[in-house]
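A.B. asks: Once you've had a glance at the structure underneath, I'll fire off some questions.
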Amino acid sequence: MNKLVIITGASSGIGAATARAFSAAGHPLLLLARRLEPMEALNLPNALCRAVDVLDAAGFKAAIDEAQEKFGFAEYLVNNAGVMLNAPAMEGDPLHWDAMIDINIKGVLTGIRLVLNDMVQRNGGTIVNIGSIAGVKTFGSHAVYCGTKFAVHAITETIREEVSSKNVRLITIAPGMVETDLVNHTTHDGAREGWWKYAEQIGGALRPDDIAEAIVWACQRPQGVCVREMVICPTRQEP
């Protein structure tokens, strides 16, 4: 189980939970996020932690090169970094739109570009992109966020079709409501409070560990088995 796993957005939430889950399964890790201290505080064995913005392609590549020199080639990439800055469309901040488009879409594309060619040349490898239920259906006050997650789903499936003959898998994991810091990024009080109120009504959101377990399970399928897309929500979440 000594195959290298790269995880972006690994400082908290789903990313940190995924790091713990892959570490428990015996994998070395490259953990990437803008905040270094929370990743180091995970105190996981065989984990290289680097403060890297997913939009910094040069820094991203340097970290991958360093990890592969230490642990061998990257077998898995989990593109988890993302932001959710929701507001009704008429009240949206264009700077927030830019941040979601850049991190949620361009960050994913950067990660894919940095590992895909090597995976194709090796005739194996798996890329997991964290989509969302908001990439399957739309939600009020989520217009731009939904747009970015619909893009992630489309990008993942298109590239999967391009490289499936090379034995490379692309997987979309689409969480519903998960209790992470992501929702607290939203500065619009109504959108944020509405999310937490609905979570309370349905008996609570999922835990990050619930999503991490699904990610590891999908990756542990034989390479000839591709879980193309998995939507995971609280049972009582209606939309």
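A.B. asks: Sort out which residues of the stretch 164-190 are assigned to a helix (DSSP H, G or I), touching a helix residue (DSSP H, G or I) at 6+ places or on another chain (Cβ under 8 Å) and surrounded by fewer than 17 Cβ atoms within 10 Å (Cβ to Cβ), and write them in order of number. Write out each step before concluding.
C.D. replies: Just the residues of the stretch 164-190 that are assigned to a helix (DSSP H, G or I), to begin with: 164-166, 181-185, 189-190.
Narrowing further to those that are touching a helix residue (DSSP H, G or I) at 6+ places or on another chain (Cβ under 8 Å): 166, 181-184.
Scanning the stretch 164-190 gives 166, 181, 184.
A.B. asks: Looking at the stretch 40-68, which of its residues are in a helix (DSSP H, G or I) and surrounded by fewer than 18 Cβ atoms within 10 Å (Cβ to Cβ)? Outline the logic, then answer.
C.D. replies: As a first pass, look at the stretch 40-68 and keep what is in a helix (DSSP H, G or I): 40-41, 57-68.
Within the stretch 40-68, 40, 41, 57, 58, 59, 61, 62, 65, 66, 68 qualify.
A.B. asks: Give 63, 21, 58, 16 a once-over and let me know the one that is within 18 Å of the chain's Cα centre (by Cα) and without any contact (Cβ under 8 Å) to a residue 40 or more places away in the chain.
C.D. replies: Values: 21 fails: without any contact (Cβ under 8 Å) to a residue 40 or more places away in the chain; 58 fails: within 18 Å of the chain's Cα centre (by Cα); 16 fails: without any contact (Cβ under 8 Å) to a residue 40 or more places away in the chain.
Answer to the selection: 63.
A.B. asks: Determine, yes or no, whether residue 5 is touching a helix residue (DSSP H, G or I) at 6+ places or on another chain (Cβ under 6 Å), within 24 Å of residue 118 (Cβ to Cβ) and not in a strand (DSSP E or B). Write out each step before concluding.
C.D. replies: Working: touching a helix residue (DSSP H, G or I) at 6+ places or on another chain (Cβ under 6 Å): yes; within 24 Å of residue 118 (Cβ to Cβ): yes; not in a strand (DSSP E or B): no.
Answer is no for this residue.
A.B. asks: OK, next. Could you tell me how many of the residues in the stretch 196-216 are assigned to a helix (DSSP H, G or I) and in contact (Cβ under 8 Å) with a residue 40 or more places away in the chain?
C.D. replies: Quick first cut of the stretch 196-216, residues assigned to a helix (DSSP H, G or I) only: 196-201, 208-216.
Then keep just the ones that are in contact (Cβ under 8 Å) with a residue 40 or more places away in the chain; that gives 208-209, 211-216.
Number of matching residues: 8.
A.B. asks: Being buried (at least 23 other Cβ atoms within 10 Å of the Cβ) and either of a type in the set (A, V, I, L, M, F, W, C) or at pLDDT 95 or above (or both) narrows it down to one of 147, 124, 131, so name that one. Before the answer, list the steps.
C.D. replies: Details: 147 fails: buried (at least 23 other Cβ atoms within 10 Å of the Cβ); 124 fails: buried (at least 23 other Cβ atoms within 10 Å of the Cβ).
Going through 147, 124, 131 in turn, just one is buried (at least 23 other Cβ atoms within 10 Å of the Cβ) and either of a type in the set (A, V, I, L, M, F, W, C) or at pLDDT 95 or above (or both): 131.
A.B. asks: Does residue 99 qualify as being outside any strand (DSSP E or B), within 26 Å of residue 142 (Cα to Cα) and touching a helix residue (DSSP H, G or I) at 6+ places or on another chain (Cβ under 8 Å)? Working first, answer last.
C.D. replies: Details: outside any strand (DSSP E or B): yes; within 26 Å of residue 142 (Cα to Cα): yes; touching a helix residue (DSSP H, G or I) at 6+ places or on another chain (Cβ under 8 Å): no.
No, not satisfied.
The values are calculated or read from the model by the stated rules, or taken from the named source; none is laboratory data. All of these numbers come straight from a predicted model, not from anything done at the bench. Counting neighbours? That spans all protein chains shown, and the Cβs are built from the backbone with ideal geometry, glycine included.
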